[in-house]
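Okay, structure first, notes after.
What follows draws every value from the coordinates through simple rules; no lab data is involved. Keep in mind that this is a model prediction, so the values were computed, not measured. All Cβ positions, even for glycine, are placed from backbone atoms using ideal geometry, and neighbour counts span all protein chains on display.
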Amino acid sequence: MLKPSGHIMIIDTGRNINEYGQVFQDAGLQISQSMGLGFNGWWATPLTDSYVVAGNKPALKRQDKIKKENWSYK
């Protein structure tokens, strides 16, 4: 769970960058970064690339904040 205006970053050595991007989009996150890390991302050898996917959850709109504050059990 990510709070409104929250940030998430995943760094992986697999080639799952497209899968992570799809999951982020399905969850309503805005992708802010999606790329390979090049030689700076080598964890073991040049044969093991690393990739980063970063996203942000949009802030609540004013009317959504008001609805949330006025919510109660009935």
Dipole of region 7-69, positive end: most advanced residue of Ser32, Leu60, Thr48 [Cβ charges, Cα centre]: Leu60
Each residue of region 2-9 in order: what ³J(HN,Hα) in whole Hz does its phi give by Karplus 6.51 cos²θ - 1.76 cosθ + 1.60, θ = phi - 60°, with x for Gly and Pro? 10, 5, x, 6, x, 10, 9, 9
Overall dimensions of region 7-69 by Cα: Rg and Dmax, Å: 15.6, 52
Compute the distance in nm between two label points, each set 7 Å from the Cα along the Cα-to-Cβ direction, one at Arg15 and one at Ala27. 2.4
Show me the ranking of peptides 16-28, 48-60 by mean Cβ neighbours inside 10 Å, starting with the highest. 48-60, 16-28
